[in-house]
1. Sorted by packing (mean other beta-carbon atoms within 10 Å per residue), highest first, where do 28-37, 141-150 land?
2. Quick check on segment 73-222: of the DSSP beta bridges with both residues there, what percent are antiparallel, nearest 5%?
3. Give the cross-link partners of Lys53 among the lysines, using a straight C-alpha distance below 28 Å as the criterion and excluding same-chain residues fewer than 8 apart.
4. For Thr143, what residues show an amide H to amide H distance below 5 Å, using hydrogens built from the backbone and excluding near sequence neighbours?
5. With only alpha-carbon atoms counted, please give the Rg and Dmax of segment 179-224, in Å.
6. Obtain the radius of gyration and the Kirkwood radius of segment 141-198 from its C-alpha atoms and give Rg over Rh.
7. Pull up all non-local amide H partners of Arg204: gap of 5 or more, or a different chain, and H-to-H distance under 5 Å with H placed in the peptide plane.
8. HN-Hα J couplings of segment 150-164 from phi, Karplus 6.51/-1.76/1.60, θ = phi - 60°, integer Hz, Gly and Pro as x?
Amino acid sequence: MAVDTHVVPVIAIDGPSGSGKGTIARRVAGALGWHLLDSGALYRLVGLAAFKKAVALDSPSKLADLARALNVRFSADSSDAEEIWLDEQNVTAEIRNEEAGRRASVVAAFPEVRDALVGLQRSFQKAPGLVADGRDMGTVVFTDAPLKIFLTASPEERAQRRHKQLKGKGIDVSLPALSRDIKERDRRDSQREVAPLKPADDARLLDSSGKSIDEVTAIVLRWVKEVRF
Ligand code: DC
């Protein structure tokens, strides 16, 4: 059932990994003083919980049970220093590595897991508003969101951004390997049968290639002013 997002306004920001949507969503939520939902983190947490509890990645019903029972806490809404806790364990760094991303992409392809996470995602819709970041925020979870944005960037630019990010953390991954990984994940995310990565019919497309974080944030905030929530 669709949620009436006019009660508490929602901005849905969807797009592929590396498009910058996490950063933009956080900036926009911060500027508006709204809540933030990093839905990708939930899929990463299900993947991590499966790993920790030795649940196989090919057993959708067990993964869905894990998703329903997910004991997760986000320590801050929109600050850069957000921390994520799973079963009262700080897993902030652990869910961000490439392996966690790969596991997330696998579990996210199961309809059972996606269904199990819908209620949790919608529980983030609290006053004064929510900025929801993911792949299907505008197409599945918050279909009534008055502002839907589909943020993209070229695969090359996304691989370069990720490379820089990892290098900053002292992790050395080759650029071609990252590029291959990004294309492979795009393919999996956009070709899966449930909630494939695609813009909602009423989404505004925004290509962040060659644009700074400030520029992209400014465009989104301009759109926010144009929309009646
Ligand atoms: O945005 P991210 O890299 O943290 O997402 C991790 C994985 O989860 C990615 O492969 C796509 C998937 N995902 C999804 O299927 N639906 C969402 N709303 C968010 C993420």
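The numbers here are math on the coordinates, done by the rules we state, and not lab data. Please read these numbers as outputs of a predicted model, since none were measured by experiment. Heads up, the Cβs are rebuilt from the backbone with ideal geometry, glycines too, and the neighbour counts pull from every protein chain shown.
1. On the way: 28-37: 20.1, 141-150: 22.9.
The peptides rank, most packed first, as 141-150, 28-37.
2. On the way: 4 of 8 bridges.
Expressed as a percentage, antiparallel bridges in segment 73-222 total about 50.
3. Filter leaves Lys62, Lys169.
4. Val3
5. Values for segment 179-224 (Cα only, Rg and Dmax): 13.8, 35 Å.
6. A ratio of 1.09.
7. HN-HN under 5 Å from Arg204: Lys148, Ile149, Phe150.
8. Once θ is set to phi - 60°, the couplings for segment 150-164 become 10, 9, 10, 7, 5, x, 4, 5, 5, 5, 5, 4, 5, 4, 5 Hz.
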